[in-house]
1. Say we look at segment 122-154 and pick out the residues that are assigned to a strand (DSSP E or B) and touching a helix residue (DSSP H, G or I) at 6+ places or on another chain (Cβ under 7 Å); which of these is most open to solvent (accessible area, probe 1.4 Å)?
2. Please find, among ILE115, ILE101, the residue that is at pLDDT 90 or above and more than 30 Å from TRP237 (Cα to Cα).
3. Can you tell me how many residues in segment 257-291 are assigned to a strand (DSSP E or B) and among the hydroxyl-bearing types (Ser, Thr, Tyr)?
4. Taking segment 94-121 only, how many residues are open to solvent by 50 Å² or more (accessible area, probe 1.4 Å) and over 15 Å from the mean Cα position of the chain (by Cα)?
5. Of the conditions (1) of a type outside the set (D, E, K, R); (2) open to solvent by 40 Å² or more (accessible area, probe 1.4 Å); (3) within 23 Å of TYR269 (Cβ to Cβ); (4) in contact with a strand residue (DSSP E or B) (Cβ under 8 Å, 6 or more places away or on another chain), MET214 satisfies every one except a single condition; which number is it?
6. So, ASN88, is that one open to solvent by less than 60 Å² (accessible area, probe 1.4 Å) and at pLDDT below 90 or not?
Amino acid sequence: MERNTDRRPKRPKQPAGKPHHEETVYTEAKPINISHFLIRIATVVAVVLAVVFGMSIFFKAEKIEVAGVDKYTVLQVQEASGIVTGTNLLTVNKGQVAGRILTKLPYIKEIRIGIRLPDTVVIHVTESAVAYSVKEVNGGWWVLNCEGKVIEKIDASTSASYPRILGIQLESPKVGKPAVAYENPPDATGEATAPVTVYNRERLAAALQIAQEMEKNGILGEIATIDVTDMGKIEVWYGNRYQILLGESTEIPKKVFSVVQAIRQLDAYQSGILDASFTTWPDEVYHKAFD
């Protein structure tokens, strides 16, 4: 009878309470295949270039649609935009396009630019609803919108066809730029030639605020003059029908709203003085017929 001579060493018993740990096997790291890595990068770059190339071929401007124009023509807006047929739609800088239009066409105050694939640029403009004439310190007349942007230079006779802002003059106005009120220059001693209690820039700001509130409340083109000569007695003429007394430059939105409501409640044949200074009659507009 043969004996089993295969004698294997017995595995030592683990001490009681200690878990058995498998042996960790370490393998040698495989070297990076540089050629395969470069091929992958080249493939990604090729795909990106193909996509960009495809976009540059297919997404080109063929149409420029313009909406909202009245004072200008569609062609004027298209030319001012600087966008020409064949321009890549994906590279159109909307900020630069809007800046070019606002500079060349100052009656436009707001612009929205959109892209409709595959081939159309859409430009929607908002023009100044009403413009106001203001005299320059050197004697000329200029047109502003209610935000104070200088729109164009006009002659004295034409200025009468716009609502006039009285009580201030402009200093070195430039088309497309914000209006700057002329201040009294200092004399030889360095002092102002007249005591300054209210700066003309404050008068201009008050006049523009009144114009903005009038437009917000639907009075477009009905104002004849806005007089801010005396900032304690601001006066507005509504055509030749109403002389509106606003008093000081406080609570302008509330005063203008109250005046507009009063005008809408009065009959069409009525005229006179509308006192909205809120001094004698707080929060009320007092109507008095002309003598």
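The values are calculated or read from the model by the stated rules, or taken from the named source; none is laboratory data. Predicted model only: the values in this text are computed from it and were never measured. Neighbour counts are summed over all protein chains in view; Cβ atoms, including those assigned to glycine, are modelled from backbone coordinates with ideal geometry. Accessible surface areas use protein heavy atoms only, side chains included; no ligands, DNA or RNA. Shrake-Rupley method; radii C 1.70, N 1.55, O 1.52, S 1.80 Å.
1. By that ranking, first place goes to TRP141.
2. None of the other options fit; the residue is ILE101.
3. 1
4. Total meeting the criteria: 5.
5. (2) is the only condition that MET214 fails.
6. Spelling it out, ASN88 is indeed open to solvent by less than 60 Å² (accessible area, probe 1.4 Å) and at pLDDT below 90.
Table: residues versus (1) polar (S, T, N, Q); (2) out of contact with any Phe, Trp or Tyr (no Cβ under 7 Å at 6 or more places or on another chain); (3) farther than 25 Å from LEU105 by Cβ.
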| position | (1), (2), (3) |
| --- | --- |
| VAL143 | no, no, no |
| GLY148 | no, yes, no |
| THR158 | yes, yes, no |
| SER161 | yes, yes, no |
| GLY167 | no, yes, yes |
| GLU171 | no, no, no |
| GLY176 | no, yes, no |
| TYR182 | no, yes, yes |
